[in-house]
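Written below as structure tokens is the structure these notes are about.
Nothing in this text is a laboratory measurement; each read-out follows from the coordinates by a stated rule. Since this is a predicted model, take the numbers as computed values, not measurements. A quick note on method: Cβ atoms are made from the backbone with ideal geometry, for glycine too, and the neighbour counts reach across all protein chains shown.
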Amino acid sequence: MNTWDRLHPDTYAVLNSLSDNVFLADLNLNLQWMNDAAKSLIFKFVHHLNIEDPNELIGTSLRDVHPEKSKFSHVMKSGKLPHSAHIHIFDGYVGDILVNEARNYQGEKVGYLLFWRDVTKENEKREKDRQLIEEISTPVLPTILENTLLVPLIGTYDVRRIEMLKEKVLWEAADNDTDHLIFDMTSLTAIDDYTIIDQFYNINETVAVTGVETYFVGFSSELVKKFIQHGIKMTNKSFPKYNQALIHIMDKEGLEIAKKAE
């Protein structure tokens, strides 16, 4: 194992035993050493770095990797260490990076320590979990009528959720040959701001352009006030309860619920 003479051999042994990727740079930010984990990481990116072996990076300046106006360069100039950041680099790699001063046994500053922890899989799992939660929290459900879908709005809506709702509603309505769409506002906790109200109104208007009739049930008095304050007038039919909207649609379709003949 090649070492840099500024630190004790035992220090290198400890750093090399870590599963995190560890890099050592001198006071001029020239790379002087990396542990085995870091070499394995760099080996994945050799085609991006135009090298064949990770050891070819030894002696190169970290300034070549980070532009002068980058946050890293700014932090190193300011000397405000330790510094941590979440970074995205080649091939979707995601890492948590920590930069700190490296000191010898005499307490003298001899360079910088960089720890890169690979959180790519954690980040991917977090993203999948987020998508699953959003999918579950934005359901579009069938009803007893083949041409009618129910959209229960649950919890608090922000820009991200409202955008996902729009995409899902339009897709499901087209895919299911839908004529009627019921938005159930009963479990809607809150709408973050008036921009979201505008977005929600746009969903309603977009759906209407496709020929789908929309209905609203469960409007709270607080939500009605927000719509009125924002100058939005919902021309669609609204009902206190879901079953009332469903009965209205059935009547419009010439259908009725009848007791089965004995």
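Among the chymotrypsin sites (Phe, Trp or Tyr not before Pro) in the stretch 28-67, those located in a DSSP loop and surrounded by at most 16 other Cβ atoms within 10 Å of their own Cβ are Phe45. Please give every one of the lysines within straight-line cross-link reach of Lys241, meaning a C-alpha to C-alpha distance under 21 Å, and leave out same-chain neighbours fewer than 8 residues apart. Cross-link targets: Lys225, Lys226, Lys233, Lys252. Over the stretch 138-252, Cα pairs under 8 Å with separation of 6+ residues give a relative contact order of 24 percent.
Listed by chain and number, the aspartates and glutamates whose alpha-carbon sits under 12 Å from that of Lys168, ignoring those within fewer than 8 places in the same chain, are Glu134, Glu135. Coupling constants for the stretch 21-32 follow from the phi torsions by the Karplus curve (6.51 cos²θ - 1.76 cosθ + 1.60, θ = phi - 60°), and in residue order they are 7, 10, 10, 10, 10, 7, 5, 9, 6, 8, 5, 10 Hz; glycine and proline get x. Looking at the stretch 1-102, the GluC sites (Glu not before Pro) that sit in a DSSP loop and have at most 13 other Cβ atoms within 10 Å of their own Cβ are Glu52, Glu68. Cross-link pairs exceeding 20 Å between alpha carbons, from the set Lys71/Lys125; Lys77/Lys109; Lys69/Lys121: Lys71/Lys125; Lys69/Lys121. In summary, the stretch 60-163 shows an alpha-carbon radius of gyration equal to 1.79 times the 2.2 N^0.38 Å reference for compact globular proteins. Summary value for the chain: 11 percent relative contact order, contacts being C-alpha pairs under 8 angstrom separated by 6+ residues.
Counting only residues at least eight positions apart within a chain, or on another chain, there are no lysines with an alpha carbon under 19 Å from that of Lys259.
For the stretch 9-123, the alpha-carbon coordinates run over 40, 34, 28 Å along the three principal axes, in decreasing order. Counting only trypsin sites (Lys or Arg not before Pro) that DSSP places in a loop and that have at most 11 other Cβ atoms within 10 Å, the longest clean stretch of the chain runs over 81-232. Using the empirical formula 2.2 N^0.38 Å as the baseline, the Cα radius of gyration of the stretch 143-192 reaches a ratio of 1.20.
Hydrodynamic radius of the chain by the Kirkwood approach over all distinct alpha-carbon pairs: 23.6 Å.
One equal scatterer on each Cα of the stretch 138-252, no solvent, Debye formula: the resulting log10 I(q)/I(0) at q = 0.14 Å⁻¹ is -0.52.
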